[in-house]
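Some notes on the structure that comes next.
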């Protein structure tokens with residue numbers, strides 16, 4: 001008997017990537033194997049995002065194309081999960097009559113039961129019930145389709161901050177943290193399956209465990225730092241208002257914690273920050289960046305920016321540009337503001353026109369691109385330690401004509417910069433031996449979003465000295 005096939009399309013953030021892995025794990029217990037073929041699938045799940053209007057439109061566009069496939073394959077089951085499902089509920093069934101299942105962000109652990117009902121009764125089901133208990137259902141580990149060096153681990157769900165532009169509290173619920181022992185158990189299982197790096201996920205990791213009386217987030221980091229077999233540890237996201245000295249010190253004292261922090265600022269204008277309900281000022285934010293760099297001199301700082309928030313004037317936008325130039329971020333995720341259902345900012349006056357938002361976004365990205373290129377160029381000639389993650393995107397998407405072209409591999413520095421390099425197929429050592437290893441690479445070229453280097457012979461010589469990675473020439 002042939003195994004049933006599952007196709008998952010994941011749209012959105014790292015949390016959705018993790019949730020899709022959980023979906024695949026639950027479905028494996030029902031006998032479903034993942035496939036990359038949409039046409040071959042017996043079950044199609046679209047894991048959606050609604051944080052921006054564009055992401056929601058992308059989800060509906062993809063699902064709309066499935067109607068033709070459903071007409072050809074009547075037994076095909078189509079499900080929509082994630083934030084759009086949580087937000088829209090049974091409205092989706094009215095809009096898309098060929099969809100069988102709509103399940104919310106807290107219904108993943110109920111999905112096997114839902115699938116069984118649909119298979120048995122050929123009914124349509126909506127489950128967007130928020131979990132009534134204070135502890136989120138525990139994660140499960142599913143089968144691996146391929147070797148994975150780096151994986152996400154959710155440590156908490158939901159959010160209590162209620163930024164005026166954000167729908168997360170409405171579609172993912174209030175903040176709940178997982179038990180630390182369960183988190184560490186999951187990480188150990190991942191390591192047993194070949195994982196070398198984990199990224200801890202939460203809407204605001206700084207507030208981990210506070211409501212439940214668990215250990216603090218820095219304490220959790222310290223415990224994970226001691227897990228044998230783990231090479232690197234990352235986390236996202238930190239809310240600036242809750243970033244304290246004990247977490248900043250973690251970058252200095254923990255050997256496995258990477259020198260990178262994603263610290264979303266959203267705007268450089270105090271007026272706009274107040275309207276966003278961010279609960280910090282520009283001055284407080286800059287002070288925390290300074291403390292991070294005083295503690296860990298090579299730390300990379302990345303951020304999120306929203307342009308065109310209601311009421312944003314040219315002066316407000318100039319304040320944001322000034323903040324970017326002052327901080328000199330290593331990278332930015334910048335977006336145009338869009339009204340989202342249930343968010344308070346929908347009702348704010350003085351909306352910025354689409355043309356202004358587009359223009360401001362282009363200006364902002366040009367400023368950041370120049371800063372990023374300068375920072376990357378400064379690394380040329382240096383020796384960086386990278387964790388090799390596998391073939392680069394270019395290698396995966398192209399095949400050499402004669403099969404003898406050197407393989408292009410990729411990895412990341414502790415500061416989260418992508419480094420690509422060649423390994424000659426004719427070399428005595430196998431390129432596969434690089435996978436999941438820390439190696440030293442001399443940086444030879446710098447590009448806008450990546451670096452190019454040459455691996456150095458021998459084991460990595462990188463070591464920590466007072467929180468700074470030092471590299472032997």
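For the residues 139, 37, 164, 267, what sequence is obtained by ranking on other C-beta atoms within 10 Å, fewest first?
Lowest to highest Cβ neighbour count: 37, 164, 139, 267.
How would you order 293-300, 438-445 from highest to lowest mean count of nearby Cβ atoms within 10 Å?
Those peptides, ordered most packed to least, come out 438-445, 293-300.
Helix-only mean residue ellipticity at 222 nm, the chain, DSSP H runs n ≥ 4 weighted -39,500 (n - 2.57), per residue, nearest 500. What is it?
Result for the chain, helices only: -10000 deg cm²/dmol.
Cβ neighbours within 10 Å, averaged per peptide: list 245-254, 76-85 in order, most packed at the top.
76-85, 245-254
Only bridges whose two residues both fall in the chain count here: according to DSSP, what percent of them are antiparallel, nearest 5?
Given both bridge residues lie in the chain, the antiparallel proportion sits at roughly 40 percent.
Could you give the spread of the C-alpha atoms of the chain along their three principal axes, from largest to smallest, in whole angstroms?
67, 61, 48
What's the center-to-center distance, using Cα atoms, between region 79-125 and region 51-78 in Å?
13 Å
Report the relative contact order of region 150-376, percent, no decimals, based on alpha-carbon pairs under 8 angstrom and at least 6 residues apart.
Working: 384 pairs, mean separation 40.5, N = 227.
For region 150-376, the relative contact order is 18 percent.
Could you give the distance between the Cα centres of region 288-323 and region 182-202, to the whole Å?
Region 288-323 and region 182-202 have Cα centres separated by 31 Å.
How large are Rg and Dmax for region 150-376 when calculated on the C-alpha trace, in angstrom?
Here Rg and the maximum Cα pair distance are 18.3, 54 Å.
Would region 222-334 count as rounded, prolate or oblate if I go by the C-alpha gyration tensor, calling it rounded below 1.5 in a/c and otherwise prolate when a/b exceeds b/c, oblate otherwise?
prolate
For region 121-267, just say rounded, prolate or oblate: build the C-alpha gyration tensor, square-root its eigenvalues into a ≥ b ≥ c, call rounded for a/c under 1.5, and beyond that prolate if a/b exceeds b/c, oblate if not.
oblate
Rounded, prolate or oblate, given the Cα gyration tensor of region 4-127, with a/c below 1.5 counting as rounded?
Rounded, because the longest to shortest axis ratio a/c is under 1.5.
Only the coordinates and a few stated rules stand behind these numbers; no lab work does. These numbers come from a predicted model, not from an experiment. Note that each Cβ is placed from the backbone with ideal geometry, even for glycine, and that neighbours are counted across all protein chains shown.
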